[in-house]
Amino acid sequence: MSLSIPSITQDQNSETSSSKATSFYGRLERPNIGKVTFGKYEFEPWFGNPAYFNPYEGVPDMLGYEYSNMTAADPLLRKRLKSYSSRECFIDHLFVCEYCFKYSIDENEMSQHWEVCQYHRENPNIGTMVYYDCKKKHIIREVRGYEALLFCQNLCLFGKLFLDDKSVYFNIDHFNFYVFYAKDGERDYIPMGFFSKEMIAYDPTTNLACICVFPPFQRRHIGHMLIEFSYALAQLTQESSGPEIPLSPFGKVSYLNFWSKQLAKVLTQRRSKTFTLEELSKATGYRKEDILYTLEHMEVLVQKLNGYVTFSNEKLQEWATSTNFDADKQQPLLDTTSFYL
């Protein structure tokens, strides 16, 4: 695949299959990109991402797609013995397209690409629309990795800047990506976050592999909305599900916050104060182990003298008071009439 601007062409069929290249795409102790421009926003990455760079010979800090362009222009370069460098690359500024996630270190090139980007349109057209809330102007589109390979690869590369433990960049054929779009002011719909789901997961109850909301759009409840959608999607085929474990530190905070509020609402509205984990699992769609983990986190379980562990409604009230929880204010973020599943 290529852009209309040859100098910014990105070819996914590069040297990434070698074991040395794979080792290069590991974790870094600090960010290796100074700042990122994403549409009208400029911000600093949270983590390093060596996968943006070419790990082989070339000019210092050459981006991967630039190396592919160079070898494409001169086939003789492909026959040369590639030397692998383990040094840490760094660039001051990365420009990323807010529609397709292609990237460049040249602002002029990115401006030219932005004008001709095939995804630069009023309404997103990639993948399949699976959710559309016309009142809130929210859209979720399902993008299959094997159908939109370059888009998903670049999406993963961008997400790595904010996910320390993300390791999948190129082998994304068996992943589906659920991209959240919304209008930013009066502008077009733009992607603000996503979650991925492995279609052939080792654990069949896994409904989400990784989730990321881009920094400019955080604190808008997008993360909770995507988590809620992942459960709604999974409930079409199974009774209970949950995210891939172990959770990252940020993921743990997000899920415990989500699970706690949802379980507190269910427990508060139950007439009977006795229940089993199986009953809670059927009522919420959450895995029993996730429910138990959350109840322990909320400190609403007490151990009796006989060794049995029971739920304490008094402890739940203490938790609600300490967190300013109000069950009546906990409204679903998803509109069930907006699903296209």
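Readers should treat all values here as calculations from the given coordinates under stated rules, not as data from a laboratory. These numbers come from a predicted model, not from an experiment. All Cβ positions, even for glycine, are placed from backbone atoms using ideal geometry, and neighbour counts span all protein chains on display.
In plain terms, the residue of LEU292, LEU208 with the fewest other Cβ atoms within 10 Å comes first and the most crowded comes last, giving LEU292, LEU208. When the alpha carbon coordinates of segment 267-341 are projected onto the principal axes, the ranges are 51, 27, 23 Å, largest first. Among VAL253, VAL36, VAL130, a tally of other beta-carbon atoms within 10 Å of each Cβ gives an order, fewest to most, of VAL253, VAL130, VAL36. For segment 186-196, putting each phi into the Karplus relation 6.51 cos²θ - 1.76 cosθ + 1.60 with θ = phi - 60° gives couplings of 9, 7, 5, 5, 10, x, 10, x, 6, 9, 10 Hz, in residue order, rounded to whole numbers and with x for Gly and Pro. The overall shape of segment 128-262, judged from the alpha-carbon gyration tensor, is rounded, with an a/c ratio under 1.5. For the pair GLN238 and SER312, label points projected 7 Å from Cα toward Cβ lie 3.4 nm apart.
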